[in-house]
Amino acid sequence: MGLFKTALIGAAVYGAVKYLTKKDVNGRSVIDDLKEKAPEWIEKAKAAKNDLTDRATQGY
């Protein structure tokens, strides 16, 4: 059972890596898109954190 489970997990990881690194018609992969959008998402998360912190310090 352990060998089957390990093989199944390995196949899933292989499929995920292959999907994430596969180039589309424009020559870009999902990883390329994620790396490009990550700084924008980080800024949005920081703004949301600051907003929640401000609300918490005001006592609602």
Q: Kindly indicate whether any position in the stretch 2-10 is without any contact (Cβ under 8 Å) to a residue 60 or more places away in the chain, of a type in the set (Gly, Ala, Ser), assigned to a helix (DSSP H, G or I) and surrounded by 10 or more Cβ atoms within 10 Å (Cβ to Cβ).
A: yes
Q) Does the stretch 28-42 hold any residues that are loosely packed, with under 10 Cβ neighbours inside 10 Å and either acidic (Asp, Glu) or closer than 19 Å to Lys18 by Cα (or both), and which are they? A) Glu40
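Could you grab me the full set of residues in the stretch 11-37 that are aliphatic (A, V, I, L, M) and either in a loop (DSSP other than H, G, I, E, B) or touching a Cys at 6+ places or on another chain (Cβ under 7 Å) (or both)?
The one that is aliphatic (A, V, I, L, M) and either in a loop (DSSP other than H, G, I, E, B) or touching a Cys at 6+ places or on another chain (Cβ under 7 Å) (or both): Val25.
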Q: Would you mind finding the one in Ala16, Ala7, Ala48, Ala12 that is of a type in the set (A, V, I, L, M, F, W, C), under 14 Å from the mean Cα position of the chain (by Cα) and modelled with pLDDT of 95 or more?
A: Ala16
Q.
Condition (residue is of a type in the set (D, E, K, R), out of contact with any strand residue (DSSP E or B) (no Cβ under 8 Å at 6 or more places or on another chain) and surrounded by 10 or more Cβ atoms within 10 Å (Cβ to Cβ)) applied to the stretch 14-22: is it met by at least one residue?
A. yes
Q.
If I go through the stretch 38-60 residue by residue, how many of them are not hydroxyl-bearing (Ser, Thr, Tyr) and not in a helix (DSSP H, G or I)?
A. 1
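The values are calculated or read from the model by the stated rules, or taken from the named source; none is laboratory data. Because the structure is a prediction, the values reported are computed rather than measured. Note that each Cβ is placed from the backbone with ideal geometry, even for glycine, and that neighbours are counted across all protein chains shown.
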